[in-house]
Structures are given as structure tokens and as C-alpha cells.
Protein chains: 2
Amino acid sequence: MFTPFNKLNKSTCTSCKDKSCAVAVLNESQLELLDGNSYESEIKKGETILRSGALVSHIIYLKTGYVKEFIIGQSGKTQIIQIVKPFSYLGLHSLFGDKINHYSYTALEDLKICYIDISAFKRLIKENGDFAYEVLVYVCKESLNNFFRFANQSQKSANGRFADILLYFSEMYNNCNFNLPLTRQELADLISLSRENTTRVMSRFKADGIIKINDKNIEIVKFDLLKKISKNG
Amino acid sequence: MFTPFNKLNKSTCTSCKDKSCAVAVLNESQLELLDGNSYESEIKKGETILRSGALVSHIIYLKTGYVKEFIIGQSGKTQIIQIVKPFSYLGLHSLFGDKINHYSYTALEDLKICYIDISAFKRLIKENGDFAYEVLVYVCKESLNNFFRFANQSQKSANGRFADILLYFSEMYNNCNFNLPLTRQELADLISLSRENTTRVMSRFKADGIIKINDKNIEIVKFDLLKKISKNG
DNA sequence: TGTGGGATGTGATTAATGTCACAATCATTT
DNA sequence: AAATGATTGTGACATTAATCACATCCCACA
């Protein structure tokens, strides 16, 4: 069997154990099409995966690791949209929008991604309705989640926002004890506060015994109180 | 030819002049399927079209008129997500999410909508890849637009937010002179400010000769200055 | 004609948040 | 070892926006 150059030492899409929900519904020949139009790559922590403003030639599937999705606003301030989890697509919204990428993505740790050619991806959508349906589900869910966070955030004060983001991370890692993948500044950019105010809220929560802090490590001690703060403030 | 009861005096989807971009790619038999699973309805100004929390049995296509899309946050405050324009779908995100509707919609004026049965809609997506593609384009564009607004808004002060929303409306109506479809309170809920602060900003802009105000009617006088304010804060 | 309720504008006050300044820590480089 | 720069915590202060209070205005309706 012919093995394309860029597939050396790479798994095929067919045998991939990290398939997305959408790719899971593809048939054998469609998987081969995907396989012939995608290639795997490794990214080092801190590297930029995709930059806002770039033309979209590939969409990116995140196999392992966490990624920061952000934009730089008109005033030059950074706004972090979300922390993207494994098994997600990067740049998908922009692909179907206007072909220009709208978000920037940087790796929060060493990670593995797959580049997928956009024309192949589009062809799969048009050929396989179940695939299209799953992509739609993905896009809509993500959109709903992020909007819910944003909308709630804009109604809350600093305490409520910080409580929210702690719950967000504890849910993401499925653990009350986790290592923040962000600096304090990035945390601030995620909840739209100043860095100083963010650390102040952290100190207050620590002093009140709601959380324990050890550099990047955070442990939620009073979970219920945190939920109450998230709700009321 | 048999005419179903609910189609009396209604146009068919085939002859509809207000088709969405997605429906425009359907073939004859698919249009008939759509026709058999949708019905038109009229809504009076102020009526609720769809409520957050309801199970999604139909999606709604907005043929004419403007609609307010909003959620009520955990604290009870209202957050308006966007003003939905004609030729848009209502409840689409929720359809592909978890079957529960996440946004509420009320009519800002008398308007015409079409209810479309969700199973028929899903069948069209799975049957016709071009249709699915167009639906994806719609969802992604809307998502990008709204995020862009939200992300920018969260970085701006009251002046910047109000300037933004004036530009938003003038673009929507394609006119520097327009009638606000919202009360001052709703305007405040759209840009996440208090009602009082919103009117104060309006008064300031009026005093500075940036806009003219006559009740709900607003005329943008100094367009360039408004853009500058929007940009700088 | 009068009455009640919603919407609106504005002043005074309070609360929250951003900004500035500075010190401490740590990792990396020279 | 010294130096540089990034990150973090914290106090003082300035700025901004929310809240409270109240007066108008307008409209629907008795």
C-alpha cells in the first residue's frame, strides 16, 4: 500500500482513537478522503497555532491539550473567549463565515493537532448529512456555552465573575483541585477585569477560606459558598 | 390538488419570496416536504414568540419584522443578546444543542413567522448537504457577529458601548436616522449598563451635538466622531 | 376629567473598579 | 554573581458606574 510522505509514523484517521463526534459517523471511504487531506502536527507550549486575520486554508482539530482562544480588541486589550478542550475544532466558525480567521489560538501546553484541508472538510459536509449534523451540533453547543458565560458575566461584579471562572475550571478538569493554565493577567483577560482587581479578589477568597492558592494550583474548599457567590454577585 | 387545512390563504414554500439562503438551495420535492411541515403565523408587537426553557418542537423562521433575543440571568436581570433581523431563524442554536430553548424572543413590531417542524428540518439537513452547509454558514456568521460585539463591549466604558450600539442600529437600518425599536431600559439591557447611566450618556451625546434625539428617533450627526469614540473606549 | 402606571431625565450619594506606583520573587541570560 | 525582565501582590488614589430619590411626561382607561 502506498504511504504518503507526510503519513510516515502517523496513525490514519480510520484507526485514530481521538475522533471527533462528527468524524465518528464517516464511512470507510470518507475516512480515507479525510486521511488523505489531513496531517498531524505537534505544537509546543506558548506557540501560536492560528492567528486572527489569517486566511483560512485548513481547519484544525485539537487532539490533546488545552488552547487559549482570544481576540485583540479595537483598543488593543486582549479578550480571552474560552479555553478550548481536546477533541475540539479551531477556526471552524471562521471557515463558514468569511474565510478570514477571527480568533487567535495559542497552546497552553504541548499538544497535538491535525490540519484538515477546508475543501475536503466542506466536501464531507455536503456528502454526508450525518457528518454535517454533528458539526452543527458542535458549533451550536459551543456557541450556547460561551454566550451563556458571557451574558452572565456582563451582569456580575468581580466576585461573581471570579467564582464563575473557578467553577468553569473545576468543571473542565472535573476536580476541585486544579492547576490554572493561565497567568493572572490571562485570567483577568478571561473575566474582563484588571489584573490587580483579579488578584485582589483571589486574595479575598483565600482569606475567607473559600479557596486555597499555591501559585498556579487552586483548591476549592467551600464549593457551595462559591456557587452562591456565583449566583448572587 | 389537496390543500391542507392550515395552508388556506397561505403561500407555499415553493412560491415564497422570503426564502432563507438555506431554503433557496432545496429542490422541488424538498420544498414540498418543507411546505407540508411548516405553517405561517402572525405575531403582534410585544408578544412572546418563544420562551427560554421551553422544549423545542419547531424552529421559527422570521419573515418580516424585528425581534428581541434575550435571556434572564441568574440574578434576574435581563440581558438582550441581539436584535434579530428578518430572514433569520429563531431557536436554531438550541435545536442542535440540548433540545431545550435557551433564548427568549419577543416581537418588537407586528411580524410574520413560519413554524417549521424540527424533524423535517433535521431530515433536510441530512438529505441535502448544500442545505446543511448554508445552515452552518448562518449559525457561524451569527455567532461571530455576536461574539465580536460582546467581546468588544466588555472592554469598553459607557461612551464606547453606546457609540457601538448606535453604529449597530445605523448599520442594521442602513441609515443614520432611525427609530429605536427599544425602550431606554431595553437599550440598557443590550449594552449592559443601568438605565440611568444609559440616558445620561444619551444626554451627553446630544449636548455634544453627536446625535439628535426625538423620543425614539435618533439621528447620527457626527458619524466619524462616533466611530472614534467607539474605537477608543 | 381625573387617575394610575410605565417610561424617562437628572441630581446626589455610594460602591465598585481601574490606574498608578512600588516591592518582592523567580527564572533566564550575561 | 550580576542583571534583566516577567509575574505577582498590595496600597493609595482617581474614575466610573450603580443606586436611590424624585419630578415629568404621556398614555390608556375608568
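Worth pointing out:
- Each listed q (0.10, 0.11, 0.12, 0.14 Å⁻¹) maps to a log10 I(q)/I(0) for chain B, found by the Debye formula over equal Cα scatterers with no solvent: -0.53, -0.63, -0.74, -0.94.
- Partner shielding of A:149-157 amounts to 6, given as the average count of beta-carbon atoms from other chains within 10 Å of each residue beta-carbon.
- Förster-model FRET efficiency, 41 Å R0, A:Thr12 and B:Asp18, C-beta, rounded to 0.05: 0.30
- Cβ-Cβ distance of B:Arg51 and B:Phe87, R₀ of 22 Å, FRET efficiency by 1/(1 + (r/R0)^6): the value works out to about 0.45.
- If you wrap the tightest convex hull around every Cα atom of the protein assembly as shown and split its volume per residue, you get 157 Å³.
- In nanometers and ordered shortest first, the copy-to-copy spacing of the B:Gly46 label point, defined 7 Å from Cα toward Cβ, is 6.1.
- Computed over Cα pairs, the Kirkwood radius of segment B:122-217 leads via Stokes-Einstein (0.692 mPa s, 37 °C) to a diffusion coefficient of 213 µm² per second.
- Over 22 Å apart at the Cα level, from the set A:Lys206/B:Lys156; A:Lys77/A:Lys231; A:Lys17/A:Lys85; A:Lys99/B:Lys68, are A:Lys206/B:Lys156; A:Lys77/A:Lys231; A:Lys99/B:Lys68.
- Cα shape, segment A:167-233, gyration tensor, a/c 1.5 rule: rounded
- Copies compared at B:Ser194 - label distances in nm, ascending, label defined 7 Å from Cα in the Cβ direction: 2.0
- Backbone phi angles across segment B:122-138, fed through the Karplus curve with coefficients 6.51, -1.76 and 1.60 (θ = phi - 60°), yield HN-Hα couplings of 5, 4, 5, 4, 6, 7, 10, x, 5, 4, 4, 4, 5, 5, 4, 4, 4 Hz in residue order; Gly and Pro are listed as x.
- Value of relative contact order over chain A, rounded to a whole percent, pairs C-alpha under 8 Å and six or more apart: 19
- Here is how far apart the A:Asn179 label points are across copies: 6.1 nm, shortest first, using a point 7 Å from Cα toward Cβ.
- Mean separation of Cα pairs under 8 Å and 6 or more residues apart, divided by the residue count, gives segment B:11-147 a relative contact order of 33 percent.
- Segment A:40-78: GluC sites (Glu not before Pro) falling in loop per DSSP and having at most 15 other Cβ within 10 Å: A:Glu47
- Sorting the segments A:150-156, B:203-209, A:84-90 by their mean number of nearby beta carbons within 10 angstrom, highest to lowest, gives A:150-156, A:84-90, B:203-209.
- The angle between the Cα long axis of helix A:195-207 and the longest principal axis of the Cα atoms of chain A comes to about 60 degrees, rounded to the nearest 10.
- Normalising by residue count, segment B:39-81 has a Cα convex hull of 93 Å³ per residue.
- Helical runs (DSSP H, four residues minimum) scored at -39500 (n - 2.57) apiece and divided by the length of the protein assembly as shown put the mean residue ellipticity at 222 nm at -12500 deg cm²/dmol.
- Loop-located trypsin sites (Lys or Arg not before Pro) across segment B:6-109 with a Cβ neighbour count of 10 or fewer within 10 Å are B:Lys17, B:Lys44, with loop assigned by DSSP.
- Reachable aspartates and glutamates, given that their alpha-carbon falls under 20 Å from the alpha-carbon of A:Lys44 and they are not under 8 places away in the same chain: A:Asp18, A:Glu69, A:Glu109, A:Asp110, A:Glu186
Every read-out reported here was derived from the displayed coordinates using simple, explicitly stated rules and does not represent laboratory data. Remember, it's a predicted structure, so these values are computed and weren't measured experimentally. Backbone-built Cβ (ideal geometry, glycine too); neighbour counts: all protein chains shown.
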